[in-house]
Amino acid sequence: MSDFPSIFVPKASFHTKSFGTLCIHSFNLAKNLVQFEGYVSRESAAKLVHCELYSTLEESKAMCELKEGEFLWEEIIGADVCDRFENGELKLGKIKDIERIGTLDYLLVATDSALVSKGLNKQFFIPNVEHFVLSLSPNGVFTHNALGILEQS
């Protein structure tokens, strides 16, 4: 449902593409059930099944309690990815998206055009693990051995 279930509290508002803004009436964490204001019957609530909820980046930051060094995915998307070597670094591309598979996050990188022109793939995944990701922030993602992943893609 969310990495931050604590955001589902009465009176919290979320945006939708089809139903406008929805305001939470109640939330049952054990059952992962949300009741929205104005949707009191089972039939009216059925319209909202599989409805995706959105918030702005500012709203998300206000609702989520992030620890030092933690960022929302939206803050990381668009950041440059540079692979570090003993004698320098190479820009691999930009974070295009982040996907969670199981319990692991994968950074989808749109490969830099200079590398694509050399015949490398237009995009590739880097697992967000210490072995590959040295640091991650909205200012940039620094990796080690990620060029090897790109070359083998």
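Return yes when V49 is in a loop (DSSP other than H, G, I, E, B), without any contact (Cβ under 8 Å) to a residue 24 or more places away in the chain and surrounded by fewer than 11 Cβ atoms within 10 Å (Cβ to Cβ) and no when it is not. Considered against the rule, which asks whether it is in a loop (DSSP other than H, G, I, E, B), without any contact (Cβ under 8 Å) to a residue 24 or more places away in the chain and surrounded by fewer than 11 Cβ atoms within 10 Å (Cβ to Cβ), V49 comes out as yes.
Kindly provide the set of residues from the stretch 132-148 that are of a type in the set (S, T, Y) and in contact (Cβ under 8 Å) with a residue 40 or more places away in the chain, ordered by number. Hits for the stretch 132-148 are S137, T143. Residue count for the stretch 115-131 under the criterion of being touching a residue at least 12 places away in the same chain (Cβ under 8 Å) and not in a loop (DSSP other than H, G, I, E, B): the result is 6. Taking first residues from the stretch 79-93 that are of a type in the set (K, R) and partners that are part of a strand (DSSP E or B), the Cβ contacts under 8 Å between residues at least 6 apart in sequence or on separate chains come to R84/L134; R84/F142; R84/T143; K91/D80; K91/V81; K91/C82.
Here K61 clears all of (1) at pLDDT below 90; (2) at negative phi; (3) out of contact with any Asp or Glu (no Cβ under 9 Å at 6 or more places or on another chain) except the condition numbered (3).
Residues checked against (1) more than 30 Å from S137 (Cα to Cα); (2) out of contact with any Ser or Thr (no Cβ under 9 Å at 6 or more places or on another chain):
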residue: I24; (1), (2): yes, no
residue: K31; (1), (2): yes, yes
residue: E37; (1), (2): yes, yes
residue: V40; (1), (2): yes, yes
residue: T56; (1), (2): no, yes
residue: L66; (1), (2): no, yes
residue: E74; (1), (2): no, no
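Suppose we filter E99, E58, E151, E37 for residues that are loosely packed, with under 11 Cβ neighbours inside 10 Å and without any contact (Cβ under 8 Å) to a residue 40 or more places away in the chain; which single one remains? Within the list E99, E58, E151, E37, the selection yields E58.
For the stretch 61-96, the candidate set comprises residues that are part of a helix (DSSP H, G or I) and of a type outside the set (D, E, K, R); within that set, the residue that is surrounded by the fewest Cβ atoms within 10 Å (Cβ to Cβ) is A62.
The values are calculated or read from the model by the stated rules, or taken from the named source; none is laboratory data. These numbers were taken from a predicted model, which means no experiment stands behind them. Positions of Cβ are generated from backbone atoms using ideal geometry, with glycine treated the same way; all protein chains shown enter the neighbour counts.
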